[in-house]
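The block underneath contains the structure these notes are about, expressed in structure tokens.
The values are calculated or read from the model by the stated rules, or taken from the named source; none is laboratory data. Keep in mind it's a predicted model, so treat the numbers as computed, not measured. With ideal geometry, Cβ positions are generated from the backbone for all residues, glycine too; neighbour counts draw on all protein chains shown.
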Amino acid sequence: MTMTGDTPSNAIIRQHADVIAELLTIPGRIVLDIGCGNGHISRDLARLGVGRVIGIDPGAKQLARALAAPRIGTECYVRAGAEALPLPTDSADVVLFFNSLHHVPMTLLDEAFAEAKRVLKPGGSVLITEPLAQGPQFELSKLINDETEVRAIAYEKIRGADRYALQPRTETYYVRDGVHPDFDSYRLNSTSVNPTRADLFAAHEPELRERFERFGSKQNDGYHFEQVMRVNLLENI
């Protein structure tokens, strides 16, 4: 695996789409956005000129948000899990896991990598962007969603991706500047990703509001929470 000059300590704030465009040649390609959530990355890909972007997510509520957003271009959405992709073999140029690999059930990670390998064309790419278990955004959400363990397990699978005939190529880092207009917006987004969190928000609301104020940087457009992201590029061999 080739490391770039970026490390968690010197990573800078960047836009997701800029990082994707720098690492991949995607105009005209077929891209799968696995764990697409509300579709914001799928829409970014459409703006970048992807030939066809297919957003895939197992959550009905998240897909409803994706479908309700104005269509940019070639994006479409399918309800499915990463372990059972509803696509033909050798049909995609890129498989993207943006902030989603660690959300795949740990018992299904092997199947998810096998499916990514299956649907990729020879020479295709897997791009995996994962948050590190540190920083303001992580500390904000840690009380209701401590992902330290699952993120570590997901990274071990990435580092061992050659067992699926997916060759690790590069690893780099950048900072995502996440913005929540207010606490209620943060709660809505979090519970849309996982509706079971609603009870946790109700049970811990005073402490969560305190953490929101403490770890957020209040600016004119809302509260900013930085998060260091690690990007791994794999090649289908």
(request) Say whether the condition of being more than 18 Å from the chain's Cα centre (by Cα) and in a strand (DSSP E or B) is met by at least one residue in segment 194-214. (result) no
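Residue-wise test of (1) aromatic (Phe, Trp, Tyr); (2) in contact with a helix residue (DSSP H, G or I) (Cβ under 7 Å, 6 or more places away or on another chain); (3) surrounded by 18 or more Cβ atoms within 10 Å (Cβ to Cβ).
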| site | (1), (2), (3) |
| --- | --- |
| Ala68 | no, no, no |
| Thr74 | no, yes, no |
| Asp90 | no, no, no |
| His102 | no, yes, yes |
| Thr107 | no, no, no |
| Asp110 | no, no, no |
(message) Is it the case, given these coordinates, that Thr129 is under 18 Å from Leu101 (Cβ atoms), among the polar types (S, T, N, Q) and free of Cβ contacts under 8 Å to residues at least 40 places away in the same chain?
(response) no
(request) State which residue is nearest to Ile20 (Cα to Cα) when the search covers only segment 133-143 and only residues that are crowded, with 20+ Cβ neighbours inside 10 Å and of a type in the set (A, V, I, L, M, F, W, C). (result) Phe138
(request) Test Arg71 against the criterion of being out of contact with any Ser or Thr (no Cβ under 9 Å at 6 or more places or on another chain) and basic (Lys, Arg), and give yes or no. (result) yes
(message) Can you find, within segment 161-193, the residue that is surrounded by the most Cβ atoms within 10 Å (Cβ to Cβ) among those that are of a type in the set (D, E, K, R) and in a strand (DSSP E or B)?
(response) Arg176
(message) Can you tell me which of (1) among the hydrophobic types (A, V, I, L, M, F, W, C); (2) touching a helix residue (DSSP H, G or I) at 6+ places or on another chain (Cβ under 8 Å); (3) at pLDDT below 95 is the one Ile41 doesn't meet?
(response) (3)
(message) Quick check on segment 223-233. Is at least one of its residues surrounded by fewer than 19 Cβ atoms within 10 Å (Cβ to Cβ), more than 20 Å from Ala11 (Cβ to Cβ) and not aromatic (Phe, Trp, Tyr)?
(response) no
(request) Answer yes if at least one residue in segment 74-89 is in contact (Cβ under 8 Å) with a residue 12 or more places away in the chain, more than 14 Å from the chain's Cα centre (by Cα) and within 30 Å of Phe215 (Cα to Cα), and no otherwise. (result) no
(message) Out of the residues in segment 1-31 meeting the condition of being assigned to a loop (DSSP other than H, G, I, E, B) and of a type in the set (Ser, Thr, Tyr), tell me which one is modelled with the highest pLDDT.
(response) Thr25
(request) Check segment 4-19 and report whether any residue there is hydrophobic (A, V, I, L, M, F, W, C), touching a strand residue (DSSP E or B) at 6+ places or on another chain (Cβ under 6 Å) and buried (at least 21 other Cβ atoms within 10 Å of the Cβ). (result) no
(request) Check whether at least one residue in segment 57-64 is of a type outside the set (Val, Ile, Thr), in contact with a Ser or Thr (Cβ under 9 Å, 6 or more places away or on another chain) and modelled with pLDDT of 95 or more, and report yes or no. (result) yes
(message) Yes or no: segment 144-155 includes at least one residue that is buried (at least 19 other Cβ atoms within 10 Å of the Cβ), touching a residue at least 40 places away in the same chain (Cβ under 8 Å) and more than 15 Å from His103 (Cβ to Cβ).
(response) no
(request) Please indicate, with yes or no, whether at least one residue in segment 186-209 is free of Cβ contacts under 8 Å to residues at least 60 places away in the same chain, charged (D, E, K, R) and farther than 28 Å from Ala60 by Cα. (result) no
